[in-house]
Amino acid sequence: GASLRYKGFPYELRNIEGEIIVDDANLEVKRIFATDGPTTVEVHGKIASITRDADVDLTIDAKRLPLDGRLKAAIGDDARKVWDLFSPSGEVDVRWQLRKEAGKEIVHSSRTRVRGGSATYKDVPLQVTDLNGEIEMEPGRYLLHHLIGKSRGAEVEIHGSVTDAEVALHVDGRGLQLDD
């Protein structure tokens, strides 16, 4: 029934069960499991030297994670910029990894499975719904793999990448009506 929030990924986990081992200045998350409505989250990994400049190796596996303001606030400035480009909604399954070496910044990476969500790219005002596929995130780069959805009755498939410098999308639309 506990809650916690790690400052490196400030998303509050609620209704936690599991085991955390503290040994001097080291913390090992054997496995904690959290639930919040239909969302389930499992975390495991280690944080070494928690009283100094910590080394971090954490993995977060989430199922049915809502794409909402709480998640947007936790993902960091660069990821929020990409979020704002696409205005996503719905739920995802995600494996999020946080790695940090002493003296360096936290490195975030993830593999996300989009399941029935929606998105609208800011420069193309056509909402894509029933969106399914994968998004891979690594520092400074987001890869969109086989995202398939619908836009106003047409089937749409999207591949591409988003970096700090550019957005490169390949969009195939079948049955898309040409109008205003």
*Would you work out which of L143, V107, A62 lies farthest towards the positive end of the dipole of the stretch 50-180? Charges go on Cβ: Lys and Arg +1, Asp and Glu -1.*
A62
*Karplus couplings for the stretch 160-172 from phi (6.51 cos²θ - 1.76 cosθ + 1.60, θ = phi - 60°), rounded to Hz, Gly and Pro as x?*
x, 9, 10, 10, 4, 8, 7, 10, 10, 10, 10, 10, 10
*Run the quick spin-label model on D179 and T39: label points 7 Å from Cα toward the beta carbon, then report their separation in nm to one decimal.*
3.6 nm
*the stretch 59-180 - percent relative contact order, Cα under 8 Å, separation 6 or more*: 16 percent
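For every helix of n ≥ 4 consecutive DSSP H residues, a contribution of -39,500 (n - 2.57) applies; sum these over the chain, divide by its total residues, and give [θ] at 222 nm rounded to the nearest 500 deg cm²/dmol. Don't skip to the answer; put the middle values down first.
Numbers: 2 runs with 16 residues, N = 180.
Calculated from helices alone, the mean residue ellipticity at 222 nm is -2500 deg cm²/dmol.
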_Alpha-carbon centroids, the stretch 50-64 and the stretch 135-180: separation in whole Å_ = 31 Å
*Hey, can you grab everything whose amide H is under 5 Å from the amide H of E91? Only 5+ residues off in sequence or another chain; H modelled, so Pro and N-termini drop out.*
L67, R115, G117
*asked:* Exposed loop sites here are GluC sites (Glu not before Pro) in DSSP loop states with at most 15 other C-beta atoms within 10 Å. What is the longest stretch of the chain lacking them?
replied: 1-100
*What angle do you read, to the nearest 10 degrees and between 0 and 90, between the alpha-carbon axis of helix 77-86 and the longest principal axis of the chain?*
20 degrees
*Quantify, in whole percent, the carbon and sulfur part of the accessible surface of the chain (1.4 Å probe; protein heavy atoms only).*
49 percent
_trypsin sites (Lys or Arg not before Pro) lying in DSSP loop within the stretch 20-71, provided at most 14 other Cβ fall within 10 Å_ = R52
*Counting only the backbone N, which residues of the stretch 25-67 are under 20 Å from the spot 7 Å out from the Cα of D93 toward its beta-carbon?*
32-44, 59-67
*Just flag the trypsin sites (Lys or Arg not before Pro) in the stretch 88-167 sitting in loop per DSSP whose Cβ has no more than 16 other Cβ atoms within 10 Å.*
K104, K122, R152
*Computed E for K46/E138 - FRET, C-beta separation, R0 25 angstrom, nearest 0.05*: 0.75
*asked:* Please compute the modelled spin-label separation between K122 and T163, points set 7 Å along Cα→Cβ, answer in nm with one decimal.
replied: 2.0 nm
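The values are calculated or read from the model by the stated rules, or taken from the named source; none is laboratory data. All values reported here derive from a predicted model rather than from experimental measurement. Cβ coordinates were reconstructed from backbone atoms using ideal geometry, including for glycine residues, and neighbour counts include every protein chain displayed. We work out accessible area using only protein heavy atoms, side chains counted, and drop any ligands, DNA or RNA first. Shrake-Rupley method; radii C 1.70, N 1.55, O 1.52, S 1.80 Å.
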